[in-house]
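Undergrad: Below is one structure. I have some questions about it.
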Amino acid sequence: MIKAVIFDLDNTLMDFMKMKRAAVDAAADAMIDAGLQMPKQELIDKIYSTYWKEGIEDQQIFDKVLLQEFGYIDYRILAAGIIGYRRAKEANLCTYPHVHLTLTELMKRGIKMCIVSDAPKLPVWMRIVSLNLQHYFEFVLTFEDTGERKPSPKPFMMALERLGTQPKETLMIGDWAERDIVGAKQLGIWTVFARYGDEFNTQNSGADFEITDIIQLLDVIERIKEKDQLLLFGEEGNKK
């Protein structure tokens, strides 16, 4: 029986890349409106190229792009980009459909919940609170807490310890197969691949279950419960 669920945050509970794309698009428009001489798509491509090198959470991304392209920072253009980005980010920060419904139902069932994320602590908490998700979770573990990123077993081991559950009583749901699924499976935790958040066109997730809507997580938990009951009845029958 599942007693706890470990959630990834970005592209599992919230549509992170939808927000990121909208924010970058708005930032590019704002910088060009402020006087930046560069085709919009070229600017967007350069921003993402820098993201992939420096990390998708990089807070100085526009500074770096401007320095790289022009050798100096025009603060009128930088400020325009930052403001455009922030406004679009706030407007596009949203959970996937049925997230609150699913989390509320899990809470009603007495299932503990936590978040394990590789993202920095403050941005993670800013997103959680902005989405009004902070009351659902026992705790949140980020890289600052664990010192290691998924698929390292350490974040998952820390989560199990704080949840007070065994691996087979715990379920991990995430969108990144190579991190979320691999990391949890090596400890024997049940795994669910959030295909609705997949940004890598993953062909084989390796997860125990795959879902296309987070509300299907409730059905997965029921299926695991049924499997446990069948095993229990089988063991009792063998004893007789």
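Undergrad: Starting from residues that are of a type in the set (Ser, Thr, Tyr) and more than 14 Å from Ile6 (Cα to Cα), keep the ones in the range 180-225 and report whichever is least open to solvent (accessible area, probe 1.4 Å).
TA: Of all residues in the range 180-225, those of a type in the set (Ser, Thr, Tyr) come to 191, 196, 202, 205, 212.
Filter once more, keeping what is more than 14 Å from Ile6 (Cα to Cα): 196, 202, 205, 212.
Numbers: Tyr196: 51, Thr202: 26, Ser205: 9, Thr212: 94 Å².
Here the residue is Ser205.
Undergrad: I'd like the full set of residues that are among the β-branched types (Val, Ile, Thr) and in contact (Cβ under 8 Å) with a residue 40 or more places away in the chain, limited to the range 104-128.
TA: To start, the set of residues in the range 104-128 that are among the β-branched types (Val, Ile, Thr) comprises 104, 111, 115-116, 124, 128.
Once the filter is applied, which keeps residues that are among the β-branched types (Val, Ile, Thr) and in contact (Cβ under 8 Å) with a residue 40 or more places away in the chain, the range 104-128 yields Ile111, Ile115, Val116, Val124, Ile128.
Undergrad: Next question. Looking for something surrounded by 15 or more Cβ atoms within 10 Å (Cβ to Cβ), in contact with a strand residue (DSSP E or B) (Cβ under 6 Å, 6 or more places away or on another chain) and under 30 Å from Leu218 (Cβ atoms) - is there at least one such residue anywhere in the range 85-99?
TA: Yes, some residue in the range 85-99 is surrounded by 15 or more Cβ atoms within 10 Å (Cβ to Cβ), in contact with a strand residue (DSSP E or B) (Cβ under 6 Å, 6 or more places away or on another chain) and under 30 Å from Leu218 (Cβ atoms).
Undergrad: While we're on this one: Could you check, for the range 143-150, whether at least one of its residues is in a loop (DSSP other than H, G, I, E, B), among the aromatic types (Phe, Trp, Tyr) and surrounded by 15 or more Cβ atoms within 10 Å (Cβ to Cβ)?
TA: Scanning the range 143-150 turns up no residue that is in a loop (DSSP other than H, G, I, E, B), among the aromatic types (Phe, Trp, Tyr) and surrounded by 15 or more Cβ atoms within 10 Å (Cβ to Cβ).
Undergrad: Consider Glu57 against the criteria (1) within 30 Å of Pro97 (Cα to Cα); (2) open to solvent by 50 Å² or more (accessible area, probe 1.4 Å); (3) in a loop (DSSP other than H, G, I, E, B): it satisfies all of them except one. Which criterion is unmet?
TA: Status for Glu57: all satisfied but (2).
Undergrad: Next question. Can you tell which of Ile73, Ile32, Ile6 is closer than 30 Å to Thr170 by Cβ and either open to solvent by 20 Å² or more (accessible area, probe 1.4 Å) or not in a helix (DSSP H, G or I) (or both)?
TA: Details: Ile73 fails: closer than 30 Å to Thr170 by Cβ; Ile32 fails: closer than 30 Å to Thr170 by Cβ.
Matching residue, one of Ile73, Ile32, Ile6: Ile6.
Undergrad: I've got another one for you. Within the range 114-132, can you find the residues that are in a loop (DSSP other than H, G, I, E, B), modelled with pLDDT of 95 or more and out of contact with any helix residue (DSSP H, G or I) (no Cβ under 7 Å at 6 or more places or on another chain)?
TA: Residues satisfying the conditions are Leu131, Asn132.
The values are calculated or read from the model by the stated rules, or taken from the named source; none is laboratory data. Since the structure is predicted, the reported quantities are computational estimates derived from the model, not experimental observations. FYI the Cβ positions are ideal-geometry reconstructions off the backbone, even for glycines, and counts take in every protein chain you see. With ligands, DNA and RNA removed, areas are computed over all heavy atoms of the protein, side chains included. Shrake-Rupley method; radii C 1.70, N 1.55, O 1.52, S 1.80 Å.
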